[in-house]
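Asks: Below you'll find the structure I mean.
Read-outs: derived from the displayed coordinates by stated rules, not from any lab. Every value quoted in this text rests on a predicted model; they were computed, and no experiment measured them. Backbone-built Cβ (ideal geometry, glycine too); neighbour counts: all protein chains shown.
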Ligand code: FES
């Protein structure tokens, strides 16, 4: 069992409990990391260590999984995490210009978070939305067919409102748009 119940809370462990009887323990790694990120917003080194201890797996094995997939945040992110795909289809459709536009609008560089904690901006690899490139993921929601005008409208809307319509005000990604 975990020694740190502030990371592996009953709510986190409940999310993987139904998997235990069906899958080998290694297969619980990704669901557990997802559950931790859902609950805490990111997967810290401490969380990785606690996960390894809880699953009875070598730390290096869990660390490798947690750091391989960019979907797992290694540090706290803003309330809205704008993850812009800059892979080939999006790149060909102007993704780099869109990232530069967002950097200018938000006053941060990709990889950073605004000082008010509202926005984080990241470049990510293919989101499997190539047919509607350029695309980005905002928390758990996809926004596709991006343009500078569309981004401006969204940033204006999200900056004005306490509720962004994507995170439901609590950062859990429970908004009304299509989930990733
Ligand atoms: S290249 Fe951007 S979604 Fe596939």
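Asks: Quick check on the range 80-160: of the DSSP beta bridges with both residues there, what percent are antiparallel, nearest 5%?
Replies: Values: 7 of 13 bridges.
Taking every DSSP beta bridge within the range 80-160, about 55 percent pair in antiparallel fashion.
Asks: Still on this model: Can you sort 91, 158 from fewest to most other Cβ atoms within 10 Å of each residue's own Cβ?
Replies: Ranking 91, 158 by Cβ neighbours within 10 Å, fewest first, gives 91, 158.
Asks: Can you put 160, 148 in order of Cβ neighbours within 10 angstrom, beginning with the fewest?
Replies: Least crowded to most crowded, the residues run 160, 148.
Asks: A further question on this structure: Relative to the compact-globule scaling 2.2 N^0.38 Å, provide the ratio for the alpha-carbon radius of gyration of the chain.
Replies: In units of the globular-protein estimate, the chain measures up at 1.10.
Asks: If you don't mind, there's one more thing I want to ask. So for the chain: antiparallel DSSP bridges make up what percent, rounded to the nearest 5?
Replies: Values: 8 of 14 bridges.
Roughly 55 percent of the beta bridges in the chain run antiparallel, per DSSP.
Asks: When 141, 70 are ordered from fewest to most other Cβ atoms inside 10 Å of their Cβ, what list results?
Replies: Taking fewest neighbouring Cβ atoms as first place, the list is 70, 141.
Asks: A further question on this structure: Could you calculate the FRET efficiency of residue 39 with residue 160 from 1/(1 + (r/R0)^6), where r is the beta carbon distance between them and R0 is 25 Å, rounded to 0.05?
Replies: 0.30
Asks: Right, here's the next one. Can you compute the helix-only [θ] at 222 nm over the chain? Use -39500 (n - 2.57) per DSSP H run of at least 4 residues, normalise by all residues, nearest 500 deg cm²/dmol.
Replies: Value at 222 nm, helices only, nearest 500: -11500 deg cm²/dmol.
Asks: Okay, next question. Once you place label points 7 Å from the Cα toward the Cβ at residue 46 and residue 153, how far apart are they in nm?
Replies: If labels sit at residue 46 and residue 153, their model points lie 4.3 nm apart.
Asks: Once you have a ≥ b ≥ c as the square roots of the Cα gyration tensor eigenvalues for the range 10-68, tell me rounded if a/c is under 1.5, and otherwise prolate or oblate according to whether a/b is larger than b/c.
Replies: Oblate shape, in that a/c is at least 1.5 and b/c is the bigger or equal ratio.
Asks: A follow-up question, please. Gain in length, residue 13 to residue 74, computed as 0.36 nm per residue apart minus the alpha-carbon separation, to one decimal in nm?
Replies: Numbers: separation 61, 0.36 × 61 = 21.96 nm, distance 2.00 nm.
Length gained between residue 13 and residue 74: 20.0 nm.
Asks: Okay, moving on. Over 10 Å intervals from 0, what percent of Cα-Cα pairs in the range 94-163 sits in each interval?
Replies: 18, 58, 23, 1
Asks: Let me ask something else about it. May I ask for the equivalent-ellipsoid semi-axes of the range 65-126, computed as the square root of five times each C-alpha gyration tensor eigenvalue and listed largest first in whole Å? Present the calculation step by step, with values, prior to reporting the outcome.
Replies: Working: eigenvalues 71, 61, 9 Å².
Working through the eigenvalues yields semi-axes of 19, 18, 7 Å.
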